[in-house]
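Have a look at the structure below, then the notes.
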Amino acid sequence: MTLKPLALAALLAVPAAGAQTVNVEITNLTQGIYFTPLLVSAHDAQYHLFQSGTDASAELTAMAEGGDITGLVTLADSIGAVSAANPAQGLLAPAASTNASLEVDSGMVLSVTAMILPSNDGFVGLDSWPIPSEPGTYTINLNAYDAGTEANDEVLVAGAGGAPGTPGMPAIPGTNGGSGASGVTTEEPNTKVHIHRGNLGDSNASGGISDVDSRIHRWLNPVARITVTVQ
């Protein structure tokens, strides 16, 4: 039997057995924290892009300290993940939302990462959440994590902050960051991936212990909400 072009196109458009369309909406719940480019990935359950209680990989470190998801995208590709990189096309501002649509296979799990600004090595994350096979809408609240790779000194270092292995925070979005801080701490006792303690900050814009404004850049978990719609 020979298929006509329209019939052939319709056949090719039919999803593979077990495939599902999943829409992922990410909302920033904070007052003054920005998310760097997000990585949204569906992958096999045996893998993790990050995991609490373990050492941060080089790829996770680059994202958590400088917002660079290039390495994590390469890692996700190497494990056969279906990904949406940077769905917000830049920073995701406080109270803003963005969406990603993925075609996933049965049994896949969902992971999400993005650095939080301002922070030394903080990131918002979802670790290998099992994607339901039942169609519906599911809501997940996300915490902020600390990669454990850099002391949370909360000192802004223009140009150098954010490079893996270099102390200091990347530039703070907007104009409400301070300068000239002495630093909150020089140590990170927990060097594993763990729940972030939050920014301490202060209200001194030209000194003090922190370049983070405590009136704007403090947060309580959760810092993000994900709405997953399985079709």
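The values are calculated or read from the model by the stated rules, or taken from the named source; none is laboratory data. Since the structure is predicted, the reported quantities are computational estimates derived from the model, not experimental observations. Every residue, glycine among them, receives a Cβ derived from its backbone with ideal geometry; neighbour counts consider all protein chains shown. Note: accessible area is taken over every heavy atom of the protein model, side chains too, but ligands, DNA and RNA are not part of it. Shrake-Rupley method; radii C 1.70, N 1.55, O 1.52, S 1.80 Å.
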Would the stretch 58-67 turn up any residue that is on the phi < 0 side of the Ramachandran plot, crowded, with 18+ Cβ neighbours inside 10 Å and either in contact with a Cys (Cβ under 9 Å, 6 or more places away or on another chain) or assigned to a loop (DSSP other than H, G, I, E, B) (or both)?
-> no
Picking from T185, T149, the residue that is touching a helix residue (DSSP H, G or I) at 6+ places or on another chain (Cβ under 9 Å) and of a type in the set (S, T, Y) would be T149
For N99: the one exception among (1) touching a Pro at 6+ places or on another chain (Cβ under 8 Å); (2) under 20 Å from Q20 (Cβ atoms); (3) open to solvent by less than 30 Å² (accessible area, probe 1.4 Å) = (3)
Taking the stated definitions as given, is G80 crowded, with 20+ Cβ neighbours inside 10 Å, out of contact with any Asp or Glu (no Cβ under 6 Å at 6 or more places or on another chain) and either part of a loop (DSSP other than H, G, I, E, B) or among the hydroxyl-bearing types (S, T, Y) (or both)?
-> no
Within the stretch 213-231, count every residue that is within 30 Å of G180 (Cα to Cα), hydrophobic (A, V, I, L, M, F, W, C) and open to solvent by less than 50 Å² (accessible area, probe 1.4 Å).
-> 3
So which residues in the stretch 183-199 are in contact (Cβ under 8 Å) with a residue 40 or more places away in the chain and at negative phi?
-> E188, N190, T191, K192, V193, H194, I195, H196, R197, N199
Counted residues in the stretch 137-162 being open to solvent by 40 Å² or more (accessible area, probe 1.4 Å) and in a loop (DSSP other than H, G, I, E, B) come to 5
Return the residue satisfying two criteria in turn: it lies in the stretch 105-136 and is out of contact with any Phe, Trp or Tyr (no Cβ under 8 Å at 6 or more places or on another chain) and part of a strand (DSSP E or B), and of such residues it is farthest from A147 (Cα to Cα).
-> G136
